[in-house]
Structure formats: C-alpha cells, structure tokens
Amino acid sequence: MAEFVPVSGKRRAGGPLRQSAESRFWASHKVCGEVQLTGAATHVEFVPGGSELGVTAGARVVLWNGTASAPHRAVARFKDTAYSGSFKKDGRLLVAGGENGVVQLFELSSRAILRKFQGHASAVHSVKFSQDGLRVVSAGDDRTVRVWDIPTHECLTELHGHTDFVRAQARAPASAHLWATGCFDHQFRLFDLRQKKRRNLMQMDHAFPIADTLLLPGGTLAVTAGGEEVRIWDLVAGGKLLSRLRNHSKAVTALCLSSTASHLMSGGLDGLINIYNLETQRMEHSLAFPGQILSIDAAPDGMRIAAGLATGNAIVRIRAKSNQAGAEFRSALPAARGDGGADFRGWTLGRPKLTAQTASTPRLGSQRYFLRGPAELPYADDKVVKHKKKPKQNAWDAHLRNFEYAKALDACLTSRQPPAITVAVLEELMLRRGLLICLQGRSQSELLPVIRMLSAHLCDPMFSRTLLEVANLLLDLYAPMAFVSVPFREGLLKLHATVAKELATQRLMRKLQGSVEVLLQLRTVSSIAVSTAVALP
C-alpha cells in the first residue's frame, strides 16, 4: 500500500527569478544626471581620459560632466545639424559631420576649427578617427566612405561598393588598416585601407538596414545591429553567422562595448539597453530609459553608461560603490573550531571554553566526556546526525487518512484555513471520487460555511475551476432546500450576486480588450513610421 501523502495547499505563481551576480552588478547603475538639449541626441561619447560626456544634438556638440543640470561648454560652429561628434584617443581633438556634407575637425580646448574636409555630396552621419589618429574616416548618405589625411588635408581614398546610405562604421582595435562599414543596403563590408582597388575583403548580409557595427578587440568577431536583431559574425571562418540576439521589440540603433570588452550593449527604439555576455552570447540584464534610444556609450572607467534619446535628453547612469564594511566585518571574524581557527562562541553549556591544549577529543569514561553537554561543538572528524522532528499531522489529513471525507472538509472550514488549503482538500476529494460523499446528507448549519466559502472565492481565477464544479454539485443536491430554509436561500442569492458581478466585469474587460488591441495596432504603425523617419535623412 502506498504511503499517505499530506495535502499541500495550492501555490500561486512565484515571483521574479533570483538575480545573478552579473545582473545585480548592472542593476546597480542608477541615474545620476539628465540634461535636455535642442534636437535629438544622435550621438554620445565619453571624452577619453576625462570625466566629460560629448553629446551631439541639434547644431552643436556639447560637453557635460554627467551630473550638472546644464552643459558647461559647447562646440557650436555648425551651419546645420551636426552628427557623430567623435574624439581622438588623447581627448584633444574633436571631429564631427554635418547635414551639409562637411566634416570639421576642432581643437577641443579652444574650440577652433583646424580642418574642413569637403567632398561629400550629402549628409555625413558617421565620422571616426583611425586607429593611429592620423586619419579621419567619414561615411555619408551619398553612398561613399572617404578617408581623409589630417596633416595634408586631402582625401586619400574612397571605399566603394555601397548602394545605399552608410550610417555605421568601425575601426579594428588590432589593426590600423582594417575598416568595417554598415549600410542601409543590409550589407556589412570589411575593407583593407592599404589595398589600391579599395574593394571589400568580406561582405555579409544582415537582412535589415544596418544602424551600427563593431569590430571586437580580438579581431576575429564583428557585430552588426539593424532591425530588431543584433548579429555576431566570425570573420576568421569567412563571415559565418555565430549568433542572432533578438531581445529588442523595436529597431536596434546603437552598439558599444563595456570597459573590459567582455560585454556587449545594444540600445533600441524600445527604450532599453540590453547587456550581453560575449562569452555565452546571452543577455544578462536590461536597463530601461524613458524614451527611444539613438546612441549609447560606456565610460572607460567602467562606472558610467550614457544614452542619447530621440527626445533630446542625454542620461547618465553611474554604478553605486559597493559597501565593503560587511565583507571586512566577516573577514575579521575568527574561523569556527574544527577548521583550524579559534572557538569564537566563547563558551558552551556544561564545560569551560576549549583552548588549544584541551581541544582534543574527550576520552571515553572521563569526567569531561560526561560533562560535554548538548552544546558541545563537533570536531572536524565527527559525523553529525541530525534528528528530524516528525511533522504534526493536520486535522484534515487525519480525516482523509481514515476516509472521513465530510469531516476533512469541515476541519478546513471551521478552522478558517486559507482558501488554498480548502481547495486543495476539495481537489483531493475529487481525485478520490469522494466529493459527492462529502457534500450529501448535510444539514443547514453544515451547508452555510460551504456557501460562504463559494461566495468569497468562486471568482478567484486560481480556484474558480474547482469551485464551479463544487457549486454545480451543491445546487443539484440542495436546490429544493432554497424554498424551505431562509438562511440557505440568502446564501444562494449572495452567490448569485457574486457570479453576476463577475460576468459584468468579464463583459467590460472584453470591450476594453478590443479597444486596447486597436491602440496597439496604431502604436505599431506609428513605431514603424518613427523607425522610417529615423532611418531616412
């Protein structure tokens, strides 16, 4: 015969999963500053070697320390909208493109124009310094990528093959000659700037207009972002697709690496920055922002994350410093005896405090053996036997074990147990085919607690399926009693009112669901329109 299993109450769905250490680390980044600018914040980038953040918005590039209410200085010598304000490695020079197709080079301290590179026939949305800092590479909407020599002020070469707007480019950290571009024709291209023909070495199809791209420090992997996907490619394997990261609900607009280059960050129009572990290629955490994200960047010190929004806001999150007091306190505690440390409990019942001389196992029959007491600490080679107390059996379990089904239900109702316990007992009765035996032959006083329980919890989605079956069986058995017993009739009327109210609520919710579906469709259409507006010049 199988062993009796006690009834356990029905459990609701659990809460959120326990956060991992990595997720807690990224969640510790809290908003420390926000600034409102004129125009969309199309590019954010931390100044190398400093604490300032460069934000390209409208017709200027502003410098902001991340905490003040307003930027403290700005480069505003643009005739039209500025794009992609990028800094040289030493933080002394700034280069930016513009809507008029002119690329301008500034000295950051004086904000003076050092060079103007003219040659693009349309807007330049992406500008970067080369790895050696002697060249500037600009990508324009005229389907060309131009390499400019800073000392001679000349265009060294053009990278051909693009058939649509070029809005993304990346330099290779491991080489000063490899350059990657991402185009709205869905193609990722890799170039060698030393080749005379300037044809791409490699080309991969992202299947969506590419908004941003990266070359990882090892030089073997590339990342492209476009549509709702982030894709990782293996360059050594000839452009093999390694992974598709589909954690955004709207278009992905920006990419960046963490300070240690161990994590990839992606920002999108859904207002989220998703953080991926490059080793496992899985998302570890997500940071929410109050608007559509157009650009992101992580500070070299690993403490700050910045985002530029379509609303013109630039937001900086900073990581809270961990509290070392608890760790220092735990490290100062002596180790437990048996692991080579001291006995930090101080004393135990029945014997004095053990010292290094008296810490040996007591001899059988000795005085210390008989006085060791219940609080004697175990030694390293002792085997501790834990005594488990036998759990006390509940009243309804005892009745179920004796097949007393009516008494089992009455034990739950009279002791005012939570509804999860009562419903669990009813489900156990159904499994045993004893629900009819439990309900039939009841007096008026025994029926009223059942009616009250049904009226209180029949509309709970967690219990409704079980309680509806109980209510139907109860009405089949005792419907004629409603004409005789006034309290029973009042209980049934209350139950009827509860059901009628729930039905009215369900009808209202169905109407609301139809309205929400219409609004969601309109939002989807508007988001597509916004994505198209951001993608187009």
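The values are calculated or read from the model by the stated rules, or taken from the named source; none is laboratory data. This structure is a prediction, so every number in the text was calculated from the model and none was measured. Here the Cβ is made from the backbone with ideal geometry for all residues, glycine too, and neighbour counts use every protein chain on show. Areas reflect the complete protein model, heavy atoms only, side chains present, ligands, DNA and RNA absent. Shrake-Rupley method; radii C 1.70, N 1.55, O 1.52, S 1.80 Å.
Below are the figures for this structure:
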item: Candidates Glu517, Glu428 - the one that is within 30 Å of Glu228 (Cα to Cα), in a helix (DSSP H, G or I) and modelled with pLDDT of 85 or more; result: Glu517
item: Test set (1) open to solvent by less than 40 Å² (accessible area, probe 1.4 Å); (2) out of contact with any Lys or Arg (no Cβ under 8 Å at 6 or more places or on another chain); (3) part of a helix (DSSP H, G or I); (4) over 23 Å from Gly9 (Cα atoms) - Val470 fails condition number; result: (4)
item: Residue that is farthest from Leu94 (Cα to Cα), among those in region 117-131 that are touching a residue at least 24 places away in the same chain (Cβ under 8 Å) and either among the aliphatic types (A, V, I, L, M) or part of a strand (DSSP E or B) (or both); result: Ala123
item: Matching entry among Thr220, Thr260 (being at pLDDT below 95, farther than 26 Å from Val61 by Cβ, in contact with an Asp or Glu (Cβ under 9 Å, 6 or more places away or on another chain) and surrounded by fewer than 18 Cβ atoms within 10 Å (Cβ to Cβ)); result: Thr220
item: Any chance Ala168 is within 20 Å of Thr220 (Cα to Cα), buried (at least 18 other Cβ atoms within 10 Å of the Cβ) and among the aliphatic types (A, V, I, L, M); result: yes
item: Residues that are more than 25 Å from Ser295 (Cα to Cα) and not in a strand (DSSP E or B), drawn from region 176-205; result: His177, Leu193, Arg194, Gln195, Lys196, Lys197, Arg198, Arg199, Asn200, Leu201
item: Search result, residues across region 185-210 that are open to solvent by less than 30 Å² (accessible area, probe 1.4 Å) and closer than 18 Å to Val137 by Cβ; result: Phe188, Arg189, Leu190, Phe191, Asp192, Leu193, Ile210
item: Region 52-75, residues that are at pLDDT 90 or above and either open to solvent by 40 Å² or more (accessible area, probe 1.4 Å) or in contact with a Cys (Cβ under 8 Å, 6 or more places away or on another chain) (or both); result: Ala59, Arg60
item: Strands (runs of 3 or more DSSP E) wholly inside region 234-300 that include at least 3 residues being farther than 20 Å from Phe188 by Cα and free of Cβ contacts under 8 Å to residues at least 60 places away in the same chain; result: 272-277, 282-288
item: Single match in Leu454, Leu431, Leu439 (criterion: open to solvent by less than 30 Å² (accessible area, probe 1.4 Å) and over 17 Å from Lys494 (Cβ atoms)); result: Leu439
item: Checking Lys321 against (1) open to solvent by 60 Å² or more (accessible area, probe 1.4 Å); (2) part of a loop (DSSP other than H, G, I, E, B); (3) basic (Lys, Arg); (4) modelled with pLDDT under 50, the condition it does not meet; result: (4)
item: Filter result for the condition that a residue is in contact with a Phe, Trp or Tyr (Cβ under 8 Å, 6 or more places away or on another chain) and modelled with pLDDT of 90 or more, over Val7, Val95; result: Val95
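Yes or no, residue by residue, for (1) open to solvent by less than 30 Å² (accessible area, probe 1.4 Å); (2) outside any loop (DSSP other than H, G, I, E, B); (3) modelled with pLDDT of 95 or more; (4) of a type in the set (D, E, K, R):
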site: Arg77; (1), (2), (3), (4): no, no, no, yes
site: Ser84; (1), (2), (3), (4): yes, yes, no, no
site: Asn100; (1), (2), (3), (4): no, no, no, no
site: Ser109; (1), (2), (3), (4): no, no, no, no
site: Arg115; (1), (2), (3), (4): no, yes, no, yes
site: Gly133; (1), (2), (3), (4): yes, no, no, no
site: Arg143; (1), (2), (3), (4): no, no, no, yes
site: Arg146; (1), (2), (3), (4): no, yes, no, yes
site: Thr157; (1), (2), (3), (4): yes, yes, no, no
